[in-house]
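Have a look at the structure below before the remarks.
Bear in mind these aren't lab numbers, they're just calculated from the coordinates by the rules spelled out. Treat the numbers as computed from the prediction; the structure is a model and nothing was measured. As a convention, Cβ positions derive from the backbone with ideal geometry for all residues, glycine included, and neighbour counts pool all protein chains shown.
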Amino acid sequence: QVQIVESGGGLVQPGGSLRLSCAASGISFSRYSMGWYRQTPGKQRDLVAAISPNGSPHYADYTKGRFTISRDNAKNMMYLRMNSLEPGDTAVYYCYAARSGDSPYWGQGTQITVSS
């Protein structure tokens, strides 16, 4: 059984930092691309960042160098370090695991609220 579980969300002040974690089980983790999407009410889910099986990152332009994605294949974990958070970063953040030819697996999401 595949499980994708996010953690690390919460309330943070503008300019603050958070680190999201994503734990994956039930898949050959090192063979999957991993990534983060985010979604706000009434809007589509947008890509935040992704990382290939060998660790090559890709970022949405709006992260502006503020976010860093990483993975630890030995621990079946992926991370998103977010600095200089802005109110516009408020959203539910979803972790996914994807492999060519298969439907992606999604976590349940974790809420991040950036507010003073």
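Observations on the model:
- Convex hull volume of the Cα atoms of region 32-95, normalised per residue: 82 Å³.
- Residue-wise HN-Hα coupling along region 83-95, computed from phi with Karplus coefficients 6.51, -1.76, 1.60 (Hz; x: Gly, Pro): 10, 6, 5, 10, x, x, 7, 4, 4, 8, 9, 10, 8
- The alpha carbon centroids of region 61-84 and region 94-116 are separated by 13 Å.
- Near SER115, once Lys and Arg are set to +1 and Asp and Glu to -1 for all other residues with Cβ below 12 Å from its Cβ, the sum equals -2.
- 3J(HN,Hα) along region 104-116, derived from phi through the Karplus expression 6.51 cos²θ - 1.76 cosθ + 1.60 where θ = phi - 60°, amounts to x, 9, 10, x, 7, x, 9, 7, 10, 10, 10, 7, 8 Hz, with x in place of Gly and Pro.
- Sorted largest first, extent of region 17-66 alpha carbons per principal axis (Å): 33, 24, 21
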